[in-house]
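A.B. asks: Below you will find the structure I want to go over with you.
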Amino acid sequence: MPPASAEITLRTFIGGVGGYGGMAAAIHFKELIAMKIRGIFLDREKSTEKSVTIAVPLPEKVIIPMTQCKGQECTPVVKQGEWVFAGTKIGDGSRMAPIHSSVSGRVAEIRNMYDSWGNECSAVVIEADSEQKTAPSSIPSCTDRTSFIDAVRASGCITLDGTAQDTAALLEKAHDADTLIVNGTESQQYITNDLRCMMDNADDILSGIRLIMQYMGIQKTVIALSADFKDAVSAMEKLAQGNEGISVMPLRADHPNGAEPVLVNNVTGRQIHHGETAADQKVLVLDTSTVAFIGEYFRTGMPMIKRRITVDGDLVRTPCSVEIPIGMPISEVLAFADTNLEAAEKLIIGGLMNGRTITDPELPMCKGDNALLVFMKPIEAGKGRLRDGEDSTACIRCGRCVEACPMGLMPLKIEKAFDKKRLSDLKRLRPDICISCGNCSYVCPAKRDLTNKVIAAAGYLDRRERD
Ligand code: SF4
Ligand code: SF4
């Protein structure tokens, strides 16, 4: 481990798009040593880490937006009044992850709505018949990489770590990968999906890894997880035992140790350069839940119609890890966890560091939503970055935001340059390589909303450069 002073000398000079997963960046080191990129240690509050996952009772209806996968919108392929099984395809598009019904029942309506990201989209509303009859399914049979990727696409698989990426597209990009990183780091507070997956679904993780290694021609797999997940480390070491090419790497429990540039660097020592993704460094990164889903799909033939989520927060009386059907209204998931929704001031989908707040609890849960967090009090500094901004004070130039940034950015300077619309400064300060990890806002004693400012600055820079 290099000395702390060396770690703080990280500076990023060039990069690509922002975003937590699939982001591109180049990291140049003032001191070129095989150093680990460090973030910050969060107060984890993972109260559901020992909770066995429970399947919630089926809702009376599901609302399934056609925007389940980042950047893609499927077209409904069913009509109002049609009867569907759990697993019937209801949405599709050219070379997209299709969408399947999560319940058996009748298509009550196809309508327009705004999804929880604020995107206008069409949605299929299905009234469940409570019989939960499943569509005839067959175990996919593959002969090569192409048929494997086609099968993964047909399953409707998107990444389950909150990034909602098209898994088949990631596999295609990683056609010459030599290393698979199974990402079980899950560094944000509260969320325990990957942790529970490693404890409850180790067999499916192993099957998924073997399938990916076999069909993608990958010789080496590293299961990377936070070192403080001690039970999961033991479970994964047991899984790896006797399986050639599979190893386990416990990492410092820093946030964001699972962000792609950080993870790839810390596991392989390879640096992701300007405009690249992990695939360009011959690395395929998939979270444990997605790998387990692939294993399960090739065991059962059932497409992605459900997922595990964490429900937690100070207004949730029974914090839990639950398996929900895709399209279940948020209010019903929260009712299952005995949540005092009336008192809620913050309803968050995803984590405290890079999730999003919503106001309508009747919105449905989507494939990419990994947590529901509900709080009475606005989130204070020290709990996350999704807090109200009105109590922020002037910057005291303490430098904590700079030290906490895993990408070596200077959030305080970016904020200033953005406020004054200083384009040349923004070009130099590179907000476009921000990975939206939330660390800068989290550590700021003045409670400045730095992350959103940096994201906004990146958008401004992009627009101006395209003009
Ligand atoms: S600027 Fe803030 S949100 Fe962006 S990478 Fe740095 S610490 Fe994370
Ligand atoms: S952490 Fe906050 S107060 Fe400290 S330098 Fe950064 S913006 Fe200023």
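The values are calculated or read from the model by the stated rules, or taken from the named source; none is laboratory data. Source: prediction; values computed, not measured. We place every Cβ from the backbone using ideal geometry, glycine too, and count neighbours over all the protein chains shown.
A.B. asks: With (1) closer than 26 Å to R153 by Cβ; (2) at pLDDT below 95 as the list, and R44 as the residue in question, which single condition is left unmet?
C.D. replies: If we test R44 against (1) closer than 26 Å to R153 by Cβ; (2) at pLDDT below 95, just (1) comes out false.
A.B. asks: Outside the structural domain of H255 (by TED's automatic domain parsing), polar (S, T, N, Q) and assigned to a strand (DSSP E or B) - does that describe any residue in region 104-127?
C.D. replies: So far as region 104-127 goes, yes, one or more of its residues are outside the structural domain of H255 (by TED's automatic domain parsing), polar (S, T, N, Q) and assigned to a strand (DSSP E or B).
A.B. asks: Considering each residue of region 38-62, count those that are surrounded by fewer than 23 Cβ atoms within 10 Å (Cβ to Cβ) and part of a strand (DSSP E or B), and give that number.
C.D. replies: Of the residues in region 38-62, 4 are surrounded by fewer than 23 Cβ atoms within 10 Å (Cβ to Cβ) and part of a strand (DSSP E or B).
A.B. asks: Here's something else I'd like to know. Report, by residue number, each residue of region 239-260 that is within 16 Å of ligand 1 (Cβ to nearest atom) and either touching a helix residue (DSSP H, G or I) at 6+ places or on another chain (Cβ under 8 Å) or among the polar types (S, T, N, Q) (or both).
C.D. replies: Scanning region 239-260 gives H255, P256, N257, E260.
Let's see how each residue does on (1) more than 10 Å from ligand 1 (Cβ to nearest atom); (2) assigned to a helix (DSSP H, G or I); (3) of a type in the set (D, E, K, R); (4) in contact (Cβ under 8 Å) with a residue 40 or more places away in the chain:
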| site | (1), (2), (3), (4) |
| --- | --- |
| L426 | yes, yes, no, no |
| S436 | no, no, no, yes |
| A446 | yes, no, no, yes |
| K453 | no, yes, yes, yes |
| A458 | no, yes, no, yes |
| R464 | yes, yes, yes, yes |
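A.B. asks: Considering every residue within region 281-291, establish whether at least one is without any contact (Cβ under 8 Å) to a residue 24 or more places away in the chain, in the same structural domain as G269 (by TED's automatic domain parsing) and within 21 Å of T159 (Cβ to Cβ). Quick ask: steps written out before the conclusion?
C.D. replies: Looking only at region 281-291, we keep the residues that are without any contact (Cβ under 8 Å) to a residue 24 or more places away in the chain, and these are 281.
After this cut, where a residue has to be in the same structural domain as G269 (by TED's automatic domain parsing) as well, the list is 281.
Adding the requirement that they be within 21 Å of T159 (Cβ to Cβ) leaves 281.
Looking through region 281-291, at least one residue is without any contact (Cβ under 8 Å) to a residue 24 or more places away in the chain, in the same structural domain as G269 (by TED's automatic domain parsing) and within 21 Å of T159 (Cβ to Cβ).
Let's see how each residue does on (1) modelled with pLDDT under 85; (2) over 25 Å from the mean Cα position of the chain (by Cα); (3) surrounded by 16 or more Cβ atoms within 10 Å (Cβ to Cβ):
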residue	(1), (2), (3)
G384	yes, no, yes
G389	yes, no, no
R397	no, yes, no
C401	no, no, yes
P406	no, no, yes
P411	no, no, yes
F418	no, yes, yes
K421	no, yes, no
K427	no, yes, no
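A.B. asks: Test V248 against the stated conditions and say whether it is within 15 Å of the chain's Cα centre (by Cα), over 23 Å from C320 (Cα atoms) and crowded, with 21+ Cβ neighbours inside 10 Å.
C.D. replies: No.
A.B. asks: Follow-up question, since we're still on this one. I'm checking my understanding of the structure. Among residues of region 101-119 that are at pLDDT 95 or above and of a type in the set (D, E, K, R), which one is surrounded by the most Cβ atoms within 10 Å (Cβ to Cβ)?
C.D. replies: Checking each candidate, the answer is R106.
A.B. asks: Which one is nearest to L450 (Cα to Cα), of the residues in region 393-407 that are part of a loop (DSSP other than H, G, I, E, B) and more than 8 Å from ligand 1 (Cβ to nearest atom)?
C.D. replies: First, the residues of region 393-407 that are part of a loop (DSSP other than H, G, I, E, B): 393-399, 405-407.
Subsequent filtering for residues that are more than 8 Å from ligand 1 (Cβ to nearest atom) retains 393-399.
Values: T393: 12, A394: 12, C395: 11, I396: 14, R397: 13, C398: 14, G399: 13 Å.
Only one residue tops the list, namely C395.
A.B. asks: Follow-up question, since we're still on this one. Pick out, from region 281-361, the strands (runs of 3 or more DSSP E) lying fully within it that include 1 or more residues that are surrounded by fewer than 21 Cβ atoms within 10 Å (Cβ to Cβ) and in contact with a Lys or Arg (Cβ under 7 Å, 6 or more places away or on another chain).
C.D. replies: Output list reads 320-325, 356-358.
A.B. asks: Among all residue pairs at least 6 apart or on different chains, which show Cβ distances below 8 Å where the first residue, located in region 345-360, is more than 15 Å from G258 (Cβ to Cβ) and the second is acidic (D, E) and assigned to a loop (DSSP other than H, G, I, E, B)?
C.D. replies: If the second residue must be acidic (D, E) and assigned to a loop (DSSP other than H, G, I, E, B), the pairs left are I349/D369.
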